[in-house]
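So the structure is just underneath, and the comments pick up after that.
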Amino acid sequence: MTLDTNTANNWSVVAASVEVPAGEIVQAFLHGQELALWRNAAGEIQVWANRCPHRGTRFTMGRIVDDQLSCGYHGWRFGSGGQCTYIPAHPKLPPPKTVCAKTFQAVERYGMIWTSLGAPEAEVPQLQALADPEQQALFCRSFVVYQSAGKVVQVLQQASAHHYESPQAYVLTGRDEAGAGLTLLVQPMAEDKSTVYLWASGKHAAGDANGIRQRHNAWFKQQRQQLEAGA
Ligand code: FES
């Protein structure tokens, strides 16, 4: 897909933190770029192109060994930062410095993993609803939507009674009929496919956390039907 440089440089969500547990390699997409997400032993998130520099095998077919990502094909290992550290066929030779996975900048904030495909000119957006502990923000779940991120934002803003504001591209904040705050983070996976991460404030909502999540998830499933119909 054609990618505007400014769009690629912006920070975008690629997963909720809970969706990338220690020891797993998780596939994600951003603007058509396939990604592999994993954590080192310190818990720091790594976001790499999902392609081994040796023969192009998906990193998500590999596993984590000794705090490194081990490719599933020939077992080459790559440490945090992407440098190849070990080649099983030549165990006594240090791998050339030029053998490196393609990596992207990544940070974790507000329980989300943010990535830029380029060089971001600004910080990750300030999201008070998720940063303020008094708001008791709850991650409800993520929804794949077969619609572009721009259309998702446009339709939600036009059709919803939640009076959404968009403090930055692909971020919506609003309030439902019961007064609960909503934050929707939209991940542009590809031209016609997005993921929406739904957060709700538990501060003004009645019920326990599971009940709040169920109510909001049921609401968004209905929204998704409209979004995919292009309403
Ligand atoms: S393709 Fe990854 S080690 Fe060979």
Fill in the blank from the handout: Given the conditions (1) touching a residue at least 40 places away in the same chain (Cβ under 8 Å); (2) open to solvent by 50 Å² or more (accessible area, probe 1.4 Å); (3) under 23 Å from the mean Cα position of the chain (by Cα), every one holds for residue 54 apart from (3)
Problem - Of the criteria (1) loosely packed, with under 15 Cβ neighbours inside 10 Å; (2) under 25 Å from residue 24 (Cα atoms); (3) of a type outside the set (Lys, Arg); (4) within 16 Å of the ligand (Cβ to nearest atom), which one residue 90 fails - result: (2)
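Can you tell me which residue within the range 59-87, out of those that are assigned to a loop (DSSP other than H, G, I, E, B) and closer than 24 Å to residue 107 by Cβ, is nearest to the ligand (Cβ to nearest atom)?
So the first thing to find is which residues in the range 59-87 are assigned to a loop (DSSP other than H, G, I, E, B), and the list is 62, 66-67, 71-76, 79-82, 87.
Among the residues that remain, those that are also closer than 24 Å to residue 107 by Cβ are: 62, 67, 79-82.
On the way: 62: 8, 67: 18, 79: 14, 80: 17, 81: 17, 82: 13 Å.
Taking the candidates together, the pick is 62.
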Practice task
Filter the range 62-75 for residues that are closer than 24 Å to residue 29 by Cβ and either in contact (Cβ under 8 Å) with a residue 24 or more places away in the chain or outside the structural domain of residue 41 (by TED's automatic domain parsing) (or both) and give the result.
Solution key: 62, 63, 64, 69
Completion exercise
residue 27: passes all of (1) over 21 Å from residue 190 (Cβ atoms); (2) open to solvent by 60 Å² or more (accessible area, probe 1.4 Å); (3) more than 12 Å from the ligand (Cβ to nearest atom) but (1)
Practice task
May I ask you to verify whether residue 43 is open to solvent by less than 50 Å² (accessible area, probe 1.4 Å), in a loop (DSSP other than H, G, I, E, B) and more than 16 Å from the ligand (Cβ to nearest atom)?
Solution key: yes
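Could you say which residue among 25, 64, 45 is of a type in the set (A, V, I, L, M) and under 22 Å from residue 91 (Cβ atoms)? Break it down stepwise before answering.
Numbers: 25 fails: under 22 Å from residue 91 (Cβ atoms); 45 fails: under 22 Å from residue 91 (Cβ atoms).
It is 64.
The values are calculated or read from the model by the stated rules, or taken from the named source; none is laboratory data. None of these values were measured; they are calculated from a predicted model. Methodologically, a virtual Cβ is constructed for each residue, glycine included, from the backbone with ideal geometry; neighbour enumeration extends over all protein chains shown. Keep in mind that these areas ignore ligands, DNA and RNA; they rest on the heavy atoms of the full protein, side chains included. Shrake-Rupley method; radii C 1.70, N 1.55, O 1.52, S 1.80 Å.
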